[in-house]
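One structure is given here, and the rest of the page talks about it.
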Amino acid sequence: MKTDKDDIQTCGYTIIHEDVVNDVREKMLADETIISLAEFFKVFGDPTRLNILYALSISEMCVCDLAALLSMSQSAISHQLKVLRQARLIKYRREGKVIYYSLDDDHIRQVFAQGLAHVNE
């Protein structure tokens, strides 16, 4: 049986293309940027947070709405909302005693849509 490992092509020579390596090295992101980007994508690694982000891509919602939608406790939803806020993926607005959550900006909607398009290919 053929596996993915059988399809991996390797370089048959030990030649380093220094011009390519140097060109790419100059364009590499700073370590701090890579760490921030890794943290950003890590937040997308939780199904509950993805459900929340998808729901908020459709409509702004309060904690009670999200808890009812996802059949979870308000406490569990609040915990996930805190993570999403800290990652700057969502924002909130207060209307009286109710706090409504929404996606922080259209970039978040685009990242989500691109990921969804990729997995649906």
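Relative contact order, whole percent, for the stretch 18-119 stands at 24, derived from Cα pairs under 8 Å and 6 or more residues apart.
Other residues within the sphere of radius under 15 Å centred on the Cβ of I90, judged by their own Cβ, net out at +2 (K and R +1, D and E -1). Summary of packing: across the peptides 98-110, 19-31, the per-residue average of other C-beta atoms within 10 Å ranks them, highest first, as 98-110, 19-31. Counting pairwise Cα distances across the chain, what percent come out greater than 19 angstrom? Taking all Cα-Cα pairs of the chain, the fraction more than 19 Å apart is 61 percent.
Once the Cα atoms are used to define both axes, helix 74-86 deviates from the longest principal axis of the chain by about 50 degrees.
Since every read-out is calculated from the coordinates, none of them should be taken as a lab result. Here the structure is a predicted model, which is why all the values come from computation and not from measurement. Glycine gets a Cβ as well: all are built from the backbone with ideal geometry, and neighbour counts include every protein chain shown.
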